[in-house]
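Notes follow the structure.
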Amino acid sequence: MSSSSHASEHGHSPAAWTGVTIVFIGFMIAAVGVVGAMLPILYVGLAVILGGAVVGKVMSSAGLGVNGRG
């Protein structure tokens, strides 16, 4: 089992919530592109997914991650 301190910190940060939210929105956009067979929409969704990962990492580096608690 994992320690309770690790479990209580897992993903509870502004960086994690923001990054995951942006990635989720990108996934939904990409899904519309796949279902509708619209490659430009798919690519926009993939770009949003990549952007969400970058935003999460930048926010974490700026002190808004689990260890920063900013």
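Condition check ((1) at pLDDT below 95; (2) buried (at least 16 other Cβ atoms within 10 Å of the Cβ); (3) over 18 Å from the mean Cα position of the chain (by Cα)) across all residues:
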{"residue": "S3", "(1), (2), (3)": "yes, no, yes"}
{"residue": "H6", "(1), (2), (3)": "yes, no, yes"}
{"residue": "H10", "(1), (2), (3)": "yes, no, no"}
{"residue": "Y43", "(1), (2), (3)": "no, no, no"}
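Yes or no, residue by residue, for (1) under 14 Å from W17 (Cα atoms); (2) surrounded by 15 or more Cβ atoms within 10 Å (Cβ to Cβ); (3) touching a residue at least 12 places away in the same chain (Cβ under 8 Å); (4) touching a strand residue (DSSP E or B) at 6+ places or on another chain (Cβ under 8 Å):
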residue: I29; (1), (2), (3), (4): no, yes, yes, no
residue: A37; (1), (2), (3), (4): no, no, no, no
residue: P40; (1), (2), (3), (4): no, no, no, no
residue: L46; (1), (2), (3), (4): no, yes, yes, no
residue: V55; (1), (2), (3), (4): yes, yes, yes, no
residue: S61; (1), (2), (3), (4): no, no, no, no
residue: G65; (1), (2), (3), (4): yes, yes, yes, no
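The values are calculated or read from the model by the stated rules, or taken from the named source; none is laboratory data. Not measured: the values here are computed from a predicted model. Counting neighbours? That spans all protein chains shown, and the Cβs are built from the backbone with ideal geometry, glycine included.
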